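Quick notes on the structure that follows.
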Ligand SMILES: NC(=O)c1ccc[n+]([C@@H]2O[C@H](COP(=O)([O-])OP(=O)(O)OC[C@H]3O[C@@H](n4cnc5c(N)ncnc54)[C@H](O)[C@@H]3O)[C@@H](O)[C@H]2O)c1
């Protein structure tokens, strides 16, 4: 069963599954209780891109916090194993590099990103309290920047922005001087990590970082996208948004030890596959 309120998601992304008798799609907002019978719950509901999560910040916090309470309540009622898609944003603008799971983070509690960062932090707190207090079977991963086909063309995150701008021949928007770095994980690698984590024995709770440690500046990313799309777009520099982290890179040693996981798709290959997808979307 797939549950979504379609705030940033699209039915088109699951259209190919609708004819499968084992697949059910339900429009539902996780800030309201849900009564279904399932064995396992993946709690992924939450806008993840700053433009979307800052559109209605109160709803963003509600989605993370009330959403976690409702999904944990459901898991408790039906005795289901429950997985939480947490985020590298729980580390905020980190003082150590790369970030291991033991790092508590440096997060602004009152800034424009706080609805997302603090919402996800509170969701983690709820997961671990349900684990300690109610013995719930929880699995928590902290996802670092992930990209790939089926992202929304107006998602607002850097990989899709650059690709769509390059394909359309529009200026590539770079915030700041482009020297800030990010690591980019291809979606198939991430999902492989999700499945491995969900299948770990009882008591393996995480949090576990999932991401690709390869680190690139925004300028390097823009140059690669321009080359792979053979685009003549120019670079356009804009001021850095508030609380934008300067550097972010996952320490994935724990994922290696616990899950035998490491990313396989490098940036070059992942960008090629994503560009292929966006060429089709932009053309239609
Ligand atoms: N992609 C990344 O780089 C990244 C990084 C860290 C964490 N995450 C987390 O992974 C999860 C999925 O992210 P994504 O990149 O696929 O983003 P996305 O925006 O593509 O997907 C989020 C989905 O949640 C749905 N949703 C939002 N609010 C909801 C609500 N109140 N009730 C029901 N559904 C709701 C949206 O419609 C959408 O389908 C999110 O929880 C996000 O915070 C993603």
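The values are calculated or read from the model by the stated rules, or taken from the named source; none is laboratory data. In this text, all values refer to a predicted model and were calculated from it rather than measured experimentally. Here the Cβ positions follow ideal geometry from the backbone for every residue, glycine too, while neighbour counts run over all protein chains shown.
Taking region 186-269 and the helices (runs of 4 or more DSSP H) fully enclosed by it, the elements with 3 or more residues that are under 18 Å from the mean Cα position of the chain (by Cα) are at 187-198. Whenever a residue of region 37-63 is closer than 19 Å to residue 76 by Cα and touching a residue at least 24 places away in the same chain (Cβ under 8 Å), its partners that are assigned to a loop (DSSP other than H, G, I, E, B) and more than 9 Å from the ligand (Cβ to nearest atom), lying with C-beta atoms within less than 8 angstrom and at least six residues away or across chains, give the pairs 38/1; 38/80; 39/80; 40/80; 41/80.
The number of residues in region 201-240 that are under 30 Å from residue 134 (Cβ atoms) and either crowded, with 16+ Cβ neighbours inside 10 Å or free of Cβ contacts under 8 Å to residues at least 40 places away in the same chain (or both) comes to 9. In region 145-170, the residues that are on the phi > 0 side of the Ramachandran plot form Cβ pairs under 8 Å with partners that are surrounded by fewer than 22 Cβ atoms within 10 Å (Cβ to Cβ) and in a loop (DSSP other than H, G, I, E, B), at six or more places apart or across chains, as follows: 156/49; 169/231; 169/232; 169/233.
Filter region 100-138 down to the residues that are without any contact (Cβ under 8 Å) to a residue 40 or more places away in the chain and outside any helix (DSSP H, G or I) and list them by number. Of everything in region 100-138, those that are without any contact (Cβ under 8 Å) to a residue 40 or more places away in the chain and outside any helix (DSSP H, G or I) turn out to be 102, 103, 104, 105, 106, 107, 109, 110, 135. In region 139-185, how many residues are in contact with a helix residue (DSSP H, G or I) (Cβ under 6 Å, 6 or more places away or on another chain), within 11 Å of the ligand (Cβ to nearest atom) and part of a strand (DSSP E or B)? Selection size over region 139-185: 4. With respect to being more than 8 Å from the ligand (Cβ to nearest atom), farther than 25 Å from residue 249 by Cα, part of a helix (DSSP H, G or I) and out of contact with any strand residue (DSSP E or B) (no Cβ under 6 Å at 6 or more places or on another chain), residue 76 fits the description.
Looking only at residues of region 37-53 that are within 13 Å of the ligand (Cβ to nearest atom) and assigned to a loop (DSSP other than H, G, I, E, B), we find that the one that is surrounded by the fewest Cβ atoms within 10 Å (Cβ to Cβ) is 44.
Yes/no per residue for (1) surrounded by 18 or more Cβ atoms within 10 Å (Cβ to Cβ); (2) closer than 18 Å to residue 193 by Cα:
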site	(1), (2)
86	yes, yes
90	yes, no
94	yes, no
110	no, no
140	yes, yes
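In the set (1) surrounded by 13 or more Cβ atoms within 10 Å (Cβ to Cβ); (2) more than 19 Å from the chain's Cα centre (by Cα); (3) modelled with pLDDT of 95 or more, residue 281 fails one condition alone, (3).
Is it true that residue 20 is within 9 Å of the ligand (Cβ to nearest atom) and either part of a helix (DSSP H, G or I) or without any contact (Cβ under 8 Å) to a residue 12 or more places away in the chain (or both)?
Values: within 9 Å of the ligand (Cβ to nearest atom): no; either part of a helix (DSSP H, G or I) or without any contact (Cβ under 8 Å) to a residue 12 or more places away in the chain (or both): yes.
Spelling it out, it is not the case that residue 20 is within 9 Å of the ligand (Cβ to nearest atom) and either part of a helix (DSSP H, G or I) or without any contact (Cβ under 8 Å) to a residue 12 or more places away in the chain (or both).
Scanning region 6-17 for residues that are in a loop (DSSP other than H, G, I, E, B) and either more than 10 Å from the ligand (Cβ to nearest atom) or surrounded by fewer than 16 Cβ atoms within 10 Å (Cβ to Cβ) (or both) yields 6, 10.
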